[in-house]
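Structure first, commentary second.
Where a number appears in this text, it was derived from the coordinates with a stated rule and is not lab data. Since we're looking at a predicted model, the values are computed, not measured. Don't worry about glycine lacking a Cβ; one is built from the backbone with ideal geometry, like all the others, and counts go over all protein chains shown.
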Amino acid sequence: MTRTSRTTRLETVEPIGKRVLIRKDEDKKITKVGIHLPDKIEIPTITGRIVAISAEVARDDNYPIEQYDRVLFNPKHGVPVDFEGDNRLFVIPVEDIVAVFRAGGQAEG
């Protein structure tokens, strides 16, 4: 009796060209004033965390972004990645990242 060894290979998504892979933040179900929205209504979110950056973007100093940065992006040209059940991964052209959230420094004074 022989036993076949199966190795599980993890599949990864690596963006190519001037693109990044972003995990979109969850859509909000509660407004800022605390009103709970019905399941069918959500406030669309266009923020997320960078999961992976293409080699081309990583080498380009014009794009001061890094893996795990929280960003604001335009989802218009984003391509959803059907990789996980929640389908919150998107390949986004780097030009569609409009802002990076940074921790504020101390005020001088």
Fill in: Segments 59-72, 88-101 sorted - mean Cβ within 10 Å per residue, highest first
88-101, 59-72
Worksheet item: What ³J(HN,Hα) values, in whole Hz, does the Karplus curve 6.51 cos²θ - 1.76 cosθ + 1.60 give for segment 55-64 when θ = phi - 60°, with x put for Gly and Pro?
Response: 4, 5, 6, 4, 7, 8, 5, 6, 10, x
Worksheet item: So, counting K/R as plus one and D/E as minus one, what does the shell of residues with Cβ under 12 Å around Arg70 add up to?
Response: +1
